[in-house]
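The values are calculated or read from the model by the stated rules, or taken from the named source; none is laboratory data. The structure displayed is predicted, hence computed values, not measured ones. Please note: Cβ atoms are built from the backbone with ideal geometry, for glycine as well, and neighbour counts cover all protein chains shown.
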Amino acid sequence: MRQSPRRGSPRAADLSRSLGIDASTIAANLKPLMRQELVFAPVDVTDRRARRLFLTVAGSERLERGIKQLQEYEGGLASECDGNTDHLASVRLSAVWQKHAFK
């Protein structure tokens, strides 16, 4: 949804294909975002069967805050690793493994 304006806003099916996620999963994840008014999905004017996805102002602000927090977290990891990108990758993998290994 955060694409170049030249490319237009994606449809849910486009997002599903680009992320490699089932369309039903995309739809289920969009519903709470739409209820929170972070995303809106008007009917596509060229294909009335489809809906185009747009971030609202609140959605854009939330995304920017999330990106900033992620960058700060990455900066902290990089400083802990003394800028060693191999070690940083190892720390990331370890964190993901610890979070998901025993679920």
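Could you count how many residues in the range 23-43 are surrounded by 12 or more Cβ atoms within 10 Å (Cβ to Cβ), out of contact with any Lys or Arg (no Cβ under 7 Å at 6 or more places or on another chain) and more than 12 Å from ALA12 (Cα to Cα)?
Qualifying residue count for the region: 3.
Please enumerate the residues belonging to the range 70-98 that are part of a loop (DSSP other than H, G, I, E, B) and either modelled with pLDDT of 70 or more or in contact with a helix residue (DSSP H, G or I) (Cβ under 6 Å, 6 or more places away or on another chain) (or both).
Step one: filter the range 70-98 for residues part of a loop (DSSP other than H, G, I, E, B), giving 81-84.
Within the range 70-98, CYS81, ASP82 meet the criteria.
Mind checking which residues of the range 38-65 are over 24 Å from ALA23 (Cα atoms) and not β-branched (Val, Ile, Thr)?
The answer is ALA58, GLU61, GLU64, ARG65.
Among the candidates ARG49, ARG62, which residue alone is farther than 30 Å from ARG92 by Cα and among the basic types (Lys, Arg)? Break it down stepwise before answering.
On the way: ARG62 fails: farther than 30 Å from ARG92 by Cα.
The unique qualifying residue is ARG49.
Quick grid of which residues meet (1) among the basic types (Lys, Arg); (2) at pLDDT below 90; (3) touching a Pro at 6+ places or on another chain (Cβ under 8 Å):
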| site | (1), (2), (3) |
| --- | --- |
| ALA27 | no, no, no |
| ASP44 | no, yes, no |
| LYS68 | yes, no, no |
| HIS100 | no, yes, no |
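Can you say whether THR46 is exposed (fewer than 10 other Cβ atoms within 10 Å of the Cβ), at negative phi and not charged (D, E, K, R), as far as the supplied structure shows?
Here the answer is yes, as THR46 does meet what is asked.
Could you tell me which residue of the range 1-22 is modelled with the highest pLDDT, considering only residues that are among the hydroxyl-bearing types (Ser, Thr, Tyr) and surrounded by 12 or more Cβ atoms within 10 Å (Cβ to Cβ)?
SER16
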